[in-house]
Amino acid sequence: MAQQKLRAAFFITCLGDQFFPRVGECAVKVLRRLGVEVTFDTAQTCCGQPAFNTGFRDEAREVAAHVLDQYRDAEYVIAPSGSCTTMVRVFYPELFADDPERLRQALELKKRFFEFSEFIVKVLKVEDVGASFPRRVTYHDSCHLLRELGIEQEPRKLIGAVRGIKLVEMQDNQLCCGFGGTFSVKFPEVSVAMAEDKLRAASLAGAEILVANDSGCLMHLAGVIHRQGLPLQTMHLAELLAKQE
Amino acid sequence: MSETGVQSGEIHERGNTALNNAHLQDAYRSSTLRLYTNRRDASNLVPGFERLRDRARELKHEVMEHLDEYLAQFADNVERNGGHVHWARTSEQACSIIIELAKKAGGREVVKGKTMVSEEIELNHALDAAGIRAVETDLGEFILQLAGERPAHIVAPAIHKTRQDVSDLFVANLHSQPTAEPERLTMIARKALREMFQKAGMGLSGANFIVADTGTVVVIENEGNIRFCTTAPRIHVALVGIEKIIPRLTDLGVFLRLLGRSGTGQKLTSYTSLLTGPRRAGEDGPDEMHVVLLDNGRIATLADEKMREALFCIRCGACLNACPVYRKIGGHAYGWVYSGPIGALITPQFTGLSGARELPFASSLCGACRDVCPVKINIPDLLLHLRSNVQEQTPAPKPPGSLVKERTAMRAWAWVMKRPRIYALASSLARLGQRLYARQGWIRHVSAFPLSRWTEGRDLPALAPESFHTWWRKHETEK
């Protein structure tokens, strides 16, 4: 457990806010269980990634500036998403490369902005969060989390420490699920075909539940599962870590 | 008749055609997976493979910073070795230079080793129009020439063809007996090609590398046909994109160690030829050696400080094999010569943004390509950069089923996202609105773009009954 009481602002993300508020509730619960003082700024909206991902950098900058202003004084900011964390840490500096003041703010926020699993393992130095969940799960590496942030072992350590759980790895566990932000609606057929591959791999591994750290991937995969009536569930890591069954 | 021009605008239709063809899906999946796995295993066996990649990247960076000087040095050395250098700004210029040389060579035939640049400039069509027959001697290219298709992959051009497809093509065009045995198919092609090697007055190759400090053209291959093309005919012409240059012969080792392993998982390909000038007295080889150096959009790419990195590419094809989108839509969907992640980068650069505006979007930006790139090109980042260029420079058509243009929609979205109160209001209104659609927490069909595209193949979760904002206000502000 953390020695000192840390104060952290929680960044729910727009998808989390609108579609998966339970992910936020669970993340807050887990962080508090670990002694973190969690705050939430109600002026929060989105990190700006949809515009950036589609090539509209001016629009992305406007929204990003709002985020930079919002978290100027936060000690830590925690997002339950590898993708939104990547937006802030990797792409904000790129977006503001020609604006020295904003760039300075972006580089400064970069140091304080963490993805949920990363924060627990690297900052709090905790692996066992006191969860228990006797089910067979597989972990899906979301692309930004894995390749932009290099976070691969942290979620696995956290899952591995959950009592009663069985973590099974699926084949090609680092293959993209096909969400890809606006890719999911620009190339919907390809996007769904990629999800089908991912879900097949999860089933073949014998998993009951596919766990990931990004609401985008989970919304996409759950949508295919629901449409096709597949015997598989999805769950955000924060939801899993809040379980005490 | 084989296809010409840039058809990248049809990526959606062509991609879906491939996606719905089980035969093609099998061919792409098994071949890309085999090459991907071979690369992984081969690179894992090399201690310091990462350092090699970094070194290659540094060298490419050095080249791009001083491209003019290295090219001049190369040209001087080629001339000193007794060869000739020709500069071509455009495809047309390159084609006419080669046609002139072919006429001078006197033969009615030109034998060709596998060269993507010749596909890029549509050389076969130009030769054909000039009454000269181009004969592809690479087995994959030979198959595609019979089929009238473009390469579907940078290093494995006929990756999408099964043995049965090849047999059918040979029966129809070469009147051979049907067979599904690769060895027998190869022998049929070999027999047809041998004659041509002996008849042709000119051999044409590409180049994997050209070396500035020695004037050497380096070609690698597995079939031996390139060595044949570059040595048997009286004239050898190497057609080369200017970005293929490396500074010194001593740098070649870095690239050779990366290229074979990245492309096919081979330590070295079966043949590596270093061609330095025409034959000298008492030696075998061509009487004349010509190098055609092609720009065709490369200098414009060099001028773009960000996109310059795309010129680092050594055409190993590893990014295609790693790409989950390429594996699904296949090479022809990209609508030009280069496919996969690198094709999505360089096609808009070389052929213009407007005709290829969809390509940078044909990626989930997963980054698997960057993981395998031997020169560590930051492909997803460059694709994002191109997306932004596309939105700024080419008018976006209104998406089908959409009331407004994408830009208008994004502007409105950004306007809302900067205003937390409006965001909260929109969030409440959307909850009212979705009552018409949602059943037990799910939405099966939405008719308005872009969600219409979402619900084509997936269900959409309904917005949660209350947002996190609402939950927080209820539970936290009371405390």
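Show me B:418-425, B:456-463 ranked by packing, highest mean number of other Cβ atoms within 10 Å first.
Values: B:418-425: 15.2, B:456-463: 20.1.
Order by mean packing, descending: B:456-463, B:418-425.
Rounded to the nearest 500 deg cm²/dmol, what is the calculated helix-only ellipticity per residue at 222 nm for the protein assembly as shown, with -39500 (n - 2.57) per DSSP H run of length n ≥ 4?
Result for the protein assembly as shown, helices only: -14000 deg cm²/dmol.
Looking at the square roots a ≥ b ≥ c of the eigenvalues of the Cα gyration tensor of the range B:8-299, which shape do they give, rounded for a/c under 1.5, prolate if a/b is larger than b/c, or oblate? Present the calculation step by step, with values, prior to reporting the outcome.
Numbers: a/c = 1.59, a/b = 1.15, b/c = 1.39.
Oblate is the answer for the range B:8-299, as a/c is 1.5 or above yet b/c matches or exceeds a/b.
If you take every DSSP beta bridge fully contained in the range B:8-299, what fraction is antiparallel? Give it as a percent rounded to 5. Working shown, then result.
Working: 8 of 33 bridges.
Bridges in the range B:8-299 that DSSP calls antiparallel: roughly 25 percent.
Sort B:337-349, B:136-148, B:35-47, B:178-190 by packing, meaning the average of other beta carbons within 10 Å per residue, with the highest value first. Provide the component values of the computation, followed by the final result.
On the way: B:337-349: 27.0, B:136-148: 21.2, B:35-47: 15.7, B:178-190: 13.8.
Packing order, densest peptide first, comes out as B:337-349, B:136-148, B:35-47, B:178-190.
Let me spell out the model: positive unit charges on the Cβ of Lys and Arg, negative unit charges on the Cβ of Asp and Glu, origin at the Cα centre of the protein assembly as shown. What dipole size does that give, in debye rounded to 20?
Around 1740 debye, computed over the protein assembly as shown.
In degrees, nearest 10, range 0 to 90: what is the angle between the Cα axis of helix B:406-417 and the longest Cα principal axis of chain B?
Result, in degrees: 40.
For chain B, just give the cysteines left without a disulfide-compatible partner, judged by no other Cys Cβ under 4.7 Å.
B:Cys95, B:Cys229, B:Cys313, B:Cys316, B:Cys323, B:Cys373
Considering only the protein assembly as shown, what is the antiparallel percent among its DSSP beta bridges, to the nearest 5?
For the protein assembly as shown, the DSSP antiparallel bridge percentage is about 20.
Fewest to most neighbouring Cβ within 10 Å: what's the order for B:Thr470, B:Thr408? It would help to have the intermediate numbers written out before the result.
Working: B:Thr470 18, B:Thr408 13.
Fewest-to-most ranking of B:Thr470, B:Thr408: B:Thr408, B:Thr470.
For the range B:271-323, run through the GluC sites (Glu not before Pro) and keep only the ones in DSSP coil with at most 11 other Cβ atoms within 10 Å of their Cβ.
Those that pass, being in a loop and sparsely packed, are B:Glu283, B:Glu305.
From the convex hull of the Cα coordinates of the range B:18-66, what is the mean projected area in square nanometres? Can you show the working numbers first?
Working: hull surface 20.6 nm².
The number I arrive at for the range B:18-66 is 5.2 nm².
For peptide B:364-375, what's the mean number of Cβ atoms from other chains within 10 Å of each residue's Cβ?
5
Other chains near A:44-53: what is the mean number of their Cβ atoms within 10 Å of each residue's Cβ?
Rounded to a whole number, the mean comes out at 5.
Values quoted throughout were computed directly from the atomic coordinates according to the rules given, and no laboratory measurement underlies them. Since the structure is predicted, the reported quantities are computational estimates derived from the model, not experimental observations. FYI the Cβ positions are ideal-geometry reconstructions off the backbone, even for glycines, and counts take in every protein chain you see.
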